[in-house]
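Following: one structure in structure tokens, then a few remarks.
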Amino acid sequence: MSLPGQLTPSPRLLLGPGPSDAHPRVLTAMTTPLLGHLDPQFLQIMTETQEMLRQVFRTKNRLTFPVSATGTAGMETCLVNLIEHGDKAVVCTMGYFGNRLVEIAGRAGADVTVMQQTWGQVFDINQIREKLKEVRPKVLAIVHAETSTGAWQPIEQLGKLCHEFGTLLVVDCVTSLGCTQLEVDAWELDAVFSCSQKGLGCPPGLAPVTFSERAIAALKGRKTKVQSWYLDMSLIESYWGGDRAYHHTAPISMVYAIREGLRIVLEEGLEARWDRHLKNHKALKAGLLALGLKYTAAEGHQLPQLNAVRIPDGLDDAAGRKLLLNEFGIEIGGGLGDLKGKAWRIGLMGYNSKPSSVMLVLAALEQVLTKMGAKVEPGAGVAAASKVYVSG
Ligand SMILES: *Cc1c(COP(=O)(O)O)cnc(C)c1O
């Protein structure tokens, strides 16, 4: 067998649901020579990373660190640590990732009550109150930014509500951290997980998590061992917590990456970053609407960082995405679950949330739609977005 050639991937603009492009400074940080995972200099880097992660999560939670795996491992970490066999859990699902929460909570042994919302809609807090009253679960789990539909679930009041019923609130912030407002302490969230490759502008590979004191008390009160050894917080804590004792070999280069990613987020400032995501979303939305595309998420609950639109009737999903990729080097996402073949998902996350991404994807989409036979007014998308940037 001849050896494969040198690695030379084509240039891409990653405007799908993740990974999004890593910031060039992050990629540079990753080429830094390795340290040992117990080297005093690396321990210092861990401390700095945790401190910055707390700031980005807006929390003082001491149990805050990146799990060595992708966002789904963050989800699994939160659920397997808080749930013991037979515990009651209410899981709210309004899309593909809510369904994943249901699946993992069930496998963790929970007696799961599923609350189902139409894809593209969000939950009303009163619906949730009724369910909490009826079930009185140990855990309620919900997705903040449902990447499969582009819906933005309000959660500001949810922590307080859960605590009235003695329930712990687990929130999937995989697509919200670094893109839209997230206030772990002020919103009383108990266990929150995210990822490195969406809003933080890093490659995939780490899942930041944070646990409140209430969640820690629940860990301490467990009667049985966590069924996953690798994700058992009480064991990982010996490394990321005080003792810095060996648990597993930290993925050194990924920790370098997230440290740089977090530095970039804090240099920009969280409010400025949330504003930037909103502004670029407004321009993209104006352009997409001008191209005749309609959002899948309800008006007023559309995520700035994930714009999911219905594919016009009669157009082929895969063919459209192939044209974008081959002719423009742009990747966007197709639909998941109920929206498979029916939606395109355009991400403007972290480093990629910028006017150049917006203008390019609109110009490219116009050509793709026209080639596929849709009626599009020439230049309409780009003009509408431009107007938003120029006149606000
Ligand atoms: C991407 C995503 C996940 C899964 O993260 P991975 O890094 O792919 O494991 C979970 N929840 C939501 C809302 C996501 O968008």
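The values are calculated or read from the model by the stated rules, or taken from the named source; none is laboratory data. The structure displayed is predicted, hence computed values, not measured ones. In this analysis, Cβ positions are derived from the backbone assuming ideal geometry, glycine residues included, and neighbour counts consider all displayed protein chains. Each accessible area value is taken on the protein alone, full model and side chains, heavy atoms only, with ligands, DNA and RNA left out. Shrake-Rupley method; radii C 1.70, N 1.55, O 1.52, S 1.80 Å.
Brief remarks follow.
- For residue 2, the accessible area of its heavy atoms, probed at 1.4 Å with every protein chain present, is near 100 square angstrom.
- Built amide H within the under 5 Å cut-off of residue 192, gap 5+: 171, 210
- Cα gyration tensor, segment 125-186 - rounded (a/c under 1.5), prolate or oblate: prolate
- Computed accessible area, residue 325, all protein chains, 1.4 angstrom probe, square angstrom: 50
- A 1.4 Å probe, protein heavy atoms only, puts the accessible area of residue 390 near 120 Å².
- The Cα-based radius of gyration and maximum Cα-Cα distance (Dmax) for segment 270-391 are 13.5, 42 Å.
- When GluC sites (Glu not before Pro) are flagged only if DSSP places them in a loop and at most 14 other Cβ atoms lie within 10 Å, the longest unflagged stretch of the chain comes out as 1-155.
- Between amide H atoms placed 1.01 Å from N, distances below 5 Å from residue 113 occur with 89, 90, 91, all of them 5 or more places distant or on a separate chain.
- 362, 336, reordered so the largest accessible area comes first (probe 1.4 Å): 336, 362
- Relative contact order %, segment 105-167, counting alpha carbon pairs below 8 Å whose residues are six or more apart: 35
- Its relative contact order, with pairs defined as Cα atoms under 8 Å and 6+ residues apart, puts segment 71-208 at 25 percent.
- DSSP beta bridges in segment 24-267 [antiparallel fraction, %, rounded to 5]: 35
- Karplus-derived 3J(HN,Hα) values for segment 266-276, using 6.51 cos²θ - 1.76 cosθ + 1.60 with θ = phi - 60°, are 6, 4, 5, x, 5, 4, 5, 5, 4, 4, 4 Hz; glycine and proline are entered as x.
- Convex hull volume per residue for segment 1-113, taking Cα atoms only, in Å³: 233
- Debye, to nearest 20: dipole size of segment 24-267, +1 on Lys, Arg Cβ, -1 on Asp, Glu Cβ: 240
- At q = 0.07, 0.11, 0.13 Å⁻¹ the log10 of I(q)/I(0) for the chain amounts to -0.33, -0.80, -1.08, computed by Debye summation with a single uniform scatterer per C-alpha, solvent ignored.
- Over segment 144-267, volume per residue of the alpha carbon convex hull, in Å³: 138
- Projected-area average for segment 83-219 over all orientations - Cα convex hull basis, square nanometres: 7.6
- Which of 211, 328 is most accessible, then next, and so on - probe 1.4 Å: 328, 211
- Phi to ³J(HN,Hα) by Karplus 6.51 cos²θ - 1.76 cosθ + 1.60 over segment 160-171, Hz, x for Gly, Pro: 4, 4, 4, 5, 4, 10, x, 9, 8, 9, 9, 10
- Listed residues 27, 119, 163: farthest to the positive end of the dipole of the chain (Cβ charges): 119
- Around the amide H of residue 65, modelled in the peptide plane, lie the amide H atoms of 209, all under 5 Å away and 5 or more residues distant in sequence or on another chain.
- When every Cα-Cα distance of segment 262-342 is counted in 10 angstrom steps from zero, the calculated P(r) takes the values 15, 40, 31, 13, 1 percent.
- Considering only alpha-carbon pairs that sit under 8 angstrom and 6 or more positions apart, the relative contact order computed for the chain is 23 percent.
- Ordering 66, 90, 177 by the projection of their Cα atoms onto the charge dipole of segment 24-267, which places +1 on the Cβ of Lys and Arg and -1 on the Cβ of Asp and Glu, puts 90 at the extreme positive end.
- For the chain, modelled as a GNM whose springs connect Cα atoms under 10 angstrom apart, the maximal fluctuation among 117, 127, 55 occurs at 127.
- Alpha-carbon centroid distance for the pair segment 289-325 / segment 168-237, whole angstrom: 31
- Segment 205-213 - phi-based ³J(HN,Hα) in whole Hz, Karplus 6.51/-1.76/1.60, Gly and Pro as x: x, 10, 10, x, 9, 9, 10, 6, 4
- Pairs beyond 24 Å (Cα-Cα), from 322/342; 198/279; 88/342: 88/342
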